[in-house]
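To keep things clear, I will list the structure first and then write my remarks on it.
No lab work stands behind these numbers, since they all come straight from the coordinates. For clarity, every value in this text was computed on a predicted model and none was experimentally measured. FYI the Cβ positions are ideal-geometry reconstructions off the backbone, even for glycines, and counts take in every protein chain you see.
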Amino acid sequence: IRSELESLRDKAPETLDGYLVPITANIELLEELDGVDARGAKGIGLFRTEFLFLGAEKLPSEDEQAEAYIRAAKSQYPSPVVIRTLDLGADKMPVGFENPDELNPFLGDRAIRLCLARPELFKTQLRAILRASVYDNVRMMYPMVCCVREVRDANTLLRQCMMELSKEGIPFNQDIQIGTMIEVPSAALIADIIAPHVSFFSLGTNDLIQYTMAVDRGNENVAHLYTPTHMAIIRLIDHVVNVSHKYGLWTCVCGQMASTASFVPLLIGLGVDELSVSPSQAPLIKDVIRKLYYSSAVELAQKALNSHSAEHVERLCHDLIRTIA
Ligand code: PEP
Ligand code: MG
């Protein structure tokens, strides 16, 4: 297995008919950085920064955060490192932040909402990310966006941080690429309104499925209703990708769908530009891409878009993966 991994590591994530789909990695902890290149992924498509906060006794300072982000940037350079701003809340709450008043924490004060309501906390992270952006492979994205105002307000705070750093003589990348996650149906449906404010989209399919289907992604009682191939999900992904291309943006998928071999041809056929996957899945996903014809992926996506049932789409996906795996 080891030599198989090694032989794949330096091969391009390219289909048999020459279509390239960059593979990046999802990481939570800095310790995972070393495994990324070894597994043949190039760069980080999702750095879940909340894990710097969850284990800690107190909130990490700007210096501590900057150090962590710089370490990530250096380790992958020149491949991209997409740092996601804090996605705290619901299942990811550090000590001292719990809000017992919330009956529905998954619909509550979390992620970008929590950050915008606590500008000092948010600005500390934005400044740390900007400081790391002297490594020009650093990019940043906002989680759980549900309306365009959040993107505009976050960008306003970001510009404030840029002005402060300039005054203090601290260097950063003025042109840092900013993206937004698309993981709430409302954001997917107004992708065209959000597009002018960002450089890229990253589809968080875990939450997108959860919020579209009204199915708690961690609740076993309703797990049978959690359906990545539901026509609503296929249509939302298709819509977001089309809008992104119309506006000259690119779209990554960083949810679990990208790490699932049977869904990879579908995502590629729908026009997804990059897959950010669990590091352990990277060799498998690259292997799928290298055995796939882009033309069959497009054909599969067309059939899926014309389908009327999740079961049918799932069967189409399985039929194609069986011919190549
Ligand atoms: C997602 O929702 O698909 C995602 C990648 O974010 P997380 O799993 O961290 O919520
Ligand atoms: Mg999410």
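Across the options Ser259, Met231, Asn221, the greatest Cα extent toward the positive end of the charge dipole of region 175-277 (unit charges at beta carbon of Lys, Arg, Asp, Glu) belongs to Met231.
From the alpha carbon centroid of region 50-115 to that of region 180-231 is 20 Å.
In the chain, the sites counted are GluC sites (Glu not before Pro) in DSSP loop states with at most 16 other Cβ atoms within 10 Å, and the longest stretch holding none of them, exclusive of the sites, is 169-325. For region 167-325, the normalised intensity computed at q = 0.12, 0.20 Å⁻¹ comes to -0.53, -1.33 (log10 of I(q)/I(0), Debye sum over alpha carbons, equal scatterers, no solvent). Helices assigned as whole DSSP H runs in the chain whose Cα atoms extend at least 20 Å along their own long axis and whose mean Kyte-Doolittle hydropathy is -1.0 or higher are found at 148-167, 231-246, 310-324.
Run through all the Cα pairs of the chain and give the fraction in each 10 Å bin from 0, expressed as whole percent. Per 10 Å bin, starting at zero, the Cα-Cα P(r) for the chain comes out as 6, 26, 35, 24, 8, 1 percent.
Applying both filters, DSSP loop and at most 14 other Cβ atoms within 10 Å, to the trypsin sites (Lys or Arg not before Pro) of region 1-85 gives Lys11, Lys58. Here region 1-58 yields Rg over Rh of 1.12, to two decimals, using C-alpha coordinates and the Kirkwood radius. The modelled label-to-label distance between Gln174 and Val95, using points 7 Å beyond Cα along the C-beta direction, is 4.4 nm. On the beta carbon distance between Asp216 and Ala38, with R0 = 41 Å, the FRET formula returns roughly 0.75. For His245 and Ser61, the FRET efficiency from 1/(1 + (r/R0)^6), where r spans their Cβ atoms and R0 equals 35 Å, is about 0.30. Once the Kirkwood radius over Cα pairs is known for region 141-180, the Stokes-Einstein relation at 10 °C and 1.306 mPa s delivers a diffusion coefficient of 143 µm²/s.
Per-residue ellipticity at 222 nm computed for the chain from its helices equals -14000 deg cm²/dmol, with DSSP H segments shorter than 4 residues left out and the rest contributing -39,500 (n - 2.57). Each Lys and Arg contributes +1 and each Asp and Glu -1, all at the Cβ; summed about the Cα centre of the chain, the dipole is approximately 620 debye.
Remark: the Ile324-Ser7 segment gains 112.3 nm on full extension, using 0.36 nm per residue and subtracting the alpha carbon distance. A simple spin-label model places pseudo-atoms 7 Å from Cα toward Cβ; at Arg152 and Asp17 they are separated by 4.3 nm. Between Glu28 and Arg71, how high is the FRET efficiency from 1/(1 + (r/R0)^6) when r is the Cβ-Cβ distance and R₀ = 25 Å? Nearest 0.05. Computed FRET efficiency for Glu28 and Arg71: 0.95. State which entries of Lys74/Lys286; Lys11/Lys286; Lys92/Lys286 exceed 19 angstrom in Cα-Cα distance in the structure shown. Checking Cα-Cα distances, Lys74/Lys286; Lys92/Lys286 exceed 19 Å.
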